[in-house]
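In what follows, a single structure is set out as structure tokens and then discussed.
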Amino acid sequence: MIQTKNIQLKHFIYVRKSTRDEKRQVLSIGSQFEAADNIAGTNCCNVIQRFAEEQSALKPGRPLLNEMLDRIERGEANAIICWKLDRLARNMVDGGRIIQMLQDGSLKEIRTYEKLWTPVDNVIHLAIEFGSANQYSRDLSVNLKRGIRTRLSQGIWPGVARLGYYRVPGTRRLVMHPSKGPLVRKVFKLAAKGTHSIREIRDLVFEQGLRGNGERSLTISATHRILHDGFYHGVFEYGGAKYEGVHDKLVSKELFDQVQAILRVRTRPRKRELKRFLYRRTFRCGECGCYITTETQKGHNYLHCTKRRSTCVQKYVREEIIGGQIDKLVHDLALPRIWINFCESEIVREKVLDAKAVEKRVQLLSAALAELDVKLDRYLDLLAERTISQNEYAFKRDRLEAQRAKLSEELRLSRTDHGTRFEPLEEFIRGLNEATVLDSVENPSEKLRFLRKTGSNLSIRDGLLIVDWKKGWNCAVLWQRKLVLVNRKSAKNPSRSTMRRFWNDIRTTFIPAEVMAIGTGSVVQLRDQPNVLVDAREEQAVFLPGAVRNRTGRAAGLGLELVCP
Ligand SMILES: [Zn+2]
């Protein structure tokens with residue numbers, strides 16, 4: 001840290017934390033103040049006032065930041081201390097104002113934990129700091145997701161290694177741990193005999209050296225989880241889909257099935273002890289968050305809050321009333337058959353289009369790679385003829401090699417990504433089908449299972465069932481309501497444009513931002529989105545400030561749809 005006496009300067013301290021995101025890497029308001037006070041202390045800064053704001057800096061115009069900057073312009077202070085530069089701005093409007101103030105001298109310095117910024121600093125660096133944080137985090141998340149999809153398509157478990165495995169350093173492959181692996185296998189073998197209780201099995205392998213987290217023995221429930229985990233015979237689940245893994249199999253499928261059969265028999269008697277209520281451990285109380293339990297009174301089942309934590313004034317509800325509400329919710333999700341058929345045909349059409357786009361993209365990338373090779377050869381010739389120097393050649397070669405690495409990676413991703421993108425959407429459409437089937441039958445337990453699949457945080461408050469719909473399902477509910485509002489008849493015979501709007505809604509929910517191959521041409525503007533530019537040569541969409549997202553647009557003149565993230 002640079003230390004100078006700052007007697008003539010007057011500092012404002014500014015700390016900020018976004019209300020929603022940034023939870024992980026950002027210090028709390030308190031810690032930011034601590035860091036800022038530290039900076040002020042070591043540099044003998046004269047701190048006039050401290051500002052704390054809880055708001056995202058992605059959009060311009062935070063009230064406290066503006067107040068602070070206004071006061072600096074009025075001369076009340078002339079320097080800022082903050083933990084990191086991105087606390088001040090993550091957009092170019094606020095960032096630009098700060099840079100301007102540094103340049104015209106109303107702001108003499110910005111001190112951060114990492115660096116001191118003064119009017120003589122290169123403004124490009126500042127501009128990058130203000131503008132790039134946002135893009136960086138967006139790219140990171142897209143790349144992470146893409147990386148996970150790629151791994152899944154190769155049968156590689158993307159999460160942490162299970163007990164009994166380790167990851168070969170430098171690769172993603174999971175192999176059997178030399179000492180723990182055989183002991184996990186032993187857990188299965190002992191369980192398959194059916195002569196030991198889970199506790200006995202757990203203690204036996206502990207004696208032989210099987211340790212869980214923190215070198216302690218496994219818990220009973222962790223041992224149960226292992227025994228039910230298909231991962232050990234080579235199959236894992238991720239995001240609701242099953243994958244055939246390429247990791248070492250610790251047990252055979254036969255042994256695994258044998259264990260499942262024994263565990264089923266063993267757990268049966270325990271279940272009989274408790275009276276089976278349909279909605280046991282399903283709902284939370286909407287007032288206090290405790291579990292809702294069921295009780296029989298005078299031949300009727302009633303649901304009520306367990307009231308373990310506080311004084312809660314929620315009353316009893318009849319089971320049938322909740323059952324009726326579940327029927328209603330399933331009905332809300334059951335769209336007319338014609339809508340589902342439309343989605344099914346659209347997804348088939350899009351998959352064909354997508355395959356073509358991928359093919360085209362692979363062609364373009366392969367051609368570009370071949371062209372790079374030609375260029376490289378040409379430079380080598382020039383070097384041999386001594387037309388260019390060794391240094392010039394090395395410079396060109398490195399640049400071309402970097403381009404080649406980037407293109408090769410894109411080519412690899414184009415080949416592997418294809419197809420997996422549509423899976424969540426297909427799963428959703430299967431769900432829509434399921435809803436229409438369930439809507440026409442009387443089957444409370446299946447309906448409950450379906451509700452748990454499509455919604456989360458099921459709770460009851462004042463006799464009303466509350467659900468947070470999962471991805472896509474809120475969209476289905478919304479459209480169903482729209483349909484009811486309009487007319488039941490027209491819902492069964494909708495226009496294609498209405499169905500297309502519905503389709504676009506769910507499609508943008510499930511298929512993330514993507515770059516599409518759009519053929520030849522230069523920069524094109526989306527007709528209804530002046531702030532989104534499509535660069536056909538680079539095959540990417542550029543989002544300028546103010547671009548409207550979550551909408552589809554048509555790339556003018558090219559007849560291709562582009563989905564904005
Ligand atoms: Zn309660």
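Details
- When G61 is tested against (1) in a loop (DSSP other than H, G, I, E, B); (2) surrounded by 14 or more Cβ atoms within 10 Å (Cβ to Cβ), just one condition goes unmet, and that condition is (2).
- Of the residues making up region 289-306, those that are surrounded by fewer than 16 Cβ atoms within 10 Å (Cβ to Cβ) and near the ligand (Cβ under 8 Å from one of its atoms) are G289, T306.
- Checking L353 against (1) within 29 Å of R481 (Cα to Cα); (2) out of contact with any Pro (no Cβ under 8 Å at 6 or more places or on another chain); (3) assigned to a helix (DSSP H, G or I), the condition it does not meet: (1)
- All conditions in (1) over 30 Å from N433 (Cβ atoms); (2) within 16 Å of the ligand (Cβ to nearest atom) hold for I322, with the sole exception of (1).
- Of all residues making up region 121-171, the number that are over 18 Å from the mean Cα position of the chain (by Cα), at pLDDT below 80 and within 19 Å of F422 (Cα to Cα): 0
- Residue within region 331-349 that is part of a helix (DSSP H, G or I), away from the ligand (no atom under 16 Å from the Cβ) and touching a Leu at 6+ places or on another chain (Cβ under 6 Å) present: yes
- Cβ-Cβ under 8 Å pairs, at least 6 apart or on other chains, region 314-330 side among the acidic types (D, E), far side within 16 Å of the ligand (Cβ to nearest atom): E319/Y279; E319/T294; E319/Y302; E319/L303
- Pairs where the first residue, in region 154-181, is closer than 23 Å to R415 by Cβ and the second is among the β-branched types (V, I, T), C-beta under 8 Å, 6+ apart: Q154/V246; Q154/T416; G155/V246; I156/V246; P158/I148; R172/I156; R173/I156; R173/V246
- Evaluating I201 against the criteria (1) within 30 Å of I429 (Cβ to Cβ); (2) β-branched (V, I, T); (3) outside any loop (DSSP other than H, G, I, E, B) leaves one unmet condition, (1).
- Qualifying residue in region 365-376 (condition: outside any helix (DSSP H, G or I) and touching a residue at least 24 places away in the same chain (Cβ under 8 Å)): no
- Being outside any helix (DSSP H, G or I), within 21 Å of K10 (Cβ to Cβ) and among the basic types (K, R) holds for only one residue in R97, R90, R71, R50, and it is R50.
- Residue pairs whose Cβ atoms lie under 7 Å apart, sitting 6 or more positions apart in sequence or on different chains, and linking a residue in region 338-363 that is closer than 24 Å to G431 by Cβ to a partner that is among the basic types (K, R) and assigned to a helix (DSSP H, G or I), are I338/K492.
Rundown of residues vs (1) of a type outside the set (D, E, K, R); (2) surrounded by fewer than 17 Cβ atoms within 10 Å (Cβ to Cβ); (3) at pLDDT below 85; (4) within 34 Å of the chain's Cα centre (by Cα), yes/no style:
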{"residue": "R173", "(1), (2), (3), (4)": "no, yes, yes, yes"}
{"residue": "V184", "(1), (2), (3), (4)": "yes, no, no, yes"}
{"residue": "F188", "(1), (2), (3), (4)": "yes, no, no, no"}
{"residue": "H196", "(1), (2), (3), (4)": "yes, yes, yes, no"}
{"residue": "T219", "(1), (2), (3), (4)": "yes, yes, no, yes"}
{"residue": "G230", "(1), (2), (3), (4)": "yes, yes, no, yes"}
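- Residue check for N91: free of Cβ contacts under 8 Å to residues at least 60 places away in the same chain and surrounded by fewer than 20 Cβ atoms within 10 Å (Cβ to Cβ): no
- Residues in region 36-76 that are β-branched (V, I, T) and out of contact with any Phe, Trp or Tyr (no Cβ under 9 Å at 6 or more places or on another chain): 1 in all.
- Evaluation of G286 against (1) within 8 Å of the ligand (Cβ to nearest atom); (2) without any contact (Cβ under 8 Å) to a residue 60 or more places away in the chain; (3) closer than 14 Å to G463 by Cα (one fails), failing number: (2)
- Odd one out for D94 among (1) in contact with a Pro (Cβ under 6 Å, 6 or more places away or on another chain); (2) at pLDDT 90 or above; (3) charged (D, E, K, R): (2)
- Checked across region 249-260, the condition of being in contact (Cβ under 8 Å) with a residue 12 or more places away in the chain, part of a loop (DSSP other than H, G, I, E, B), touching a His at 6+ places or on another chain (Cβ under 6 Å) and surrounded by 14 or more Cβ atoms within 10 Å (Cβ to Cβ) holds for at least one residue.
The values are calculated or read from the model by the stated rules, or taken from the named source; none is laboratory data. The structure displayed is predicted, hence computed values, not measured ones. Counting neighbours? That spans all protein chains shown, and the Cβs are built from the backbone with ideal geometry, glycine included.
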